[in-house]
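What follows is calculated from the coordinates using simple rules that are stated; it is not laboratory data. None of the values given here were measured: they were computed from a predicted structure. Every residue, glycine as well, gets a Cβ built from its backbone with ideal geometry; the counts of neighbours run over all protein chains shown.
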Amino acid sequence: MKMMSTDIANFEQLEDLFTRLASPGIRPGLERVGRLLDLLGNPESKFPAVHVVGTNGKGSTAAFTERMLRESGYRTALYTSPHLESPSERLLLNGEALPVEEWAECARIIEDTMIEDRELTGDPPTFFELVTAAAFMLCEREGVEIAVVEAGLGGRLDATNMLKDVRLTLVTSISMDHTEFLGDTIELIAKEKFAVMRSGVPAIFSGNPPELSHLFFDTASRLGAVPLVVEEVCAADNVHSLPGSLSYTCTLRLDDGACRGREWLSCPALEIRTRLAGLHQVENSSLAVSGAFLLSSQFGGLTCESIVTGVSRTEWPGRFEIVDDSPVTILDGAHNTGGVARLVENIKSMYAGRTVGLVYGCMKDKPYNECLSMLREAGSRLWCTQVPGNPRSAAAETLARAAIEAGWGQDDVLALPDPIEALREARLASEVAVCCGSLYLVGFTRPRLRRLLEEGAV
């Protein structure tokens, strides 16, 4: 018997329903989701949005941006993907997950709409497209004053690019990822990301890597967007990165050659502090603060105080998250070479001289050979693992063989399919234990580790 939307009692059942309705796999394109949204009354046009694209740092940047807007008194929505522990995390209204009943009502409407439309029946949207459509419906229903929307894996052909009232585009760092869909060079990937810029709308690029800045400006000129890079809007000085904290002085500025004729927020140097650890968060938070600076011309509630408070109160689990300090235990969803490079930099800068044990698991389609080679700079021992029940997960033995081929010593690599057992061994053998390689791995590990820590069983 098919599950109907009216039978949904929890988010796992909601996920099962969307999976049943969806076409399998990843299929970039806007035709399917565009048709669905049209039939739903175009909810994507009913609220203003900040669109966040890029490769690494999207989630953190989106979280910073949403929290600053929320602290400014606006009714916000934060849409991100993938989730760590529950699908409810994908859409937060003023920082809170919506009850499953509200999602189920949107699912019912989507299901009925698809059944009644021959084109959608024959060519259904993907899982991500269905969830995105439902999220847009909920944003409209909940009277969201501004939504912060993180793109999925893409840009130009990503379902989130259906947003109609984008007030600001933020582009985080770009690196090689999802090459089978976005292109096999960083320039091709960047073109897909930059293509979401809108005519007359400010767009800020992190400037990482700097060699892409010329392509960013060229694309903005072609699309009629108002382009800036972070260094034009703010400067970060006096950076102090410690385990569990980050602080720096942020001086906001605006080149009078750009975005002329608007009333921008006037701020002195801001003392930025955040609980999100790692030097990479200077880049992500600076991008978000720069965005808030530009948004202030339209959202006058943004003040220096709400910006500082928003950054300080931002939480974003599973990204260089220190979950225990005896021994130090870190969860990080770094799943591509850019993310791993940041992880290695953070470990070396914060834990130099300490023994570091790495628990690594990833999906089959990720560049794990290169990532494993890079991780040699950060750890002395490696436990290769896998995500239980996930058919996309690379096998622990496969990763162990790849690690040895990448230069790890045979005696320093172990294959242990159970990630909890692997992390337990890493904690016993190391001063710092790091679980990394995939957000799916972090999502599996995090609640179980938290429970074991509470019980004193690990």
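Key figures for this structure:
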quantity	calculated
Listed values (1) 62, 60, 42; (2) 62, 54, 40; (3) 67, 60, 39, entry calculated as Cα extents along the principal axes in Å	(1)
Net charge over other residues, Cβ less than 15 angstrom from the Cβ of GLY73 (K, R count +1; D, E count -1)	0
The chain, helix-only ellipticity at 222 nm - DSSP H runs n ≥ 4, -39,500 (n - 2.57), divided by all residues, nearest 500	-12000 deg cm²/dmol
Selection from PRO202, VAL413, GLY25, by position along the positive dipole direction of the chain (Cβ)	PRO202
Proxy reagent accessibility, fewest Cβ within 10 Å first, across ASP411, ASP177, ASP184, ASP332	ASP411, ASP184, ASP177, ASP332
Antiparallel DSSP beta bridges within the chain, as percent of all bridges there, nearest 5	40 percent
Antiparallel %, DSSP beta bridges [both residues in region 321-455], to 5	25 percent
Where GluC sites (Glu not before Pro) fall in DSSP loop in region 370-408, at most 10 other Cβ within 10 Å	none
Sites GLU116 and ARG75 - FRET efficiency at Förster radius 45 Å, r taken between beta-carbons, to 0.05	0.90
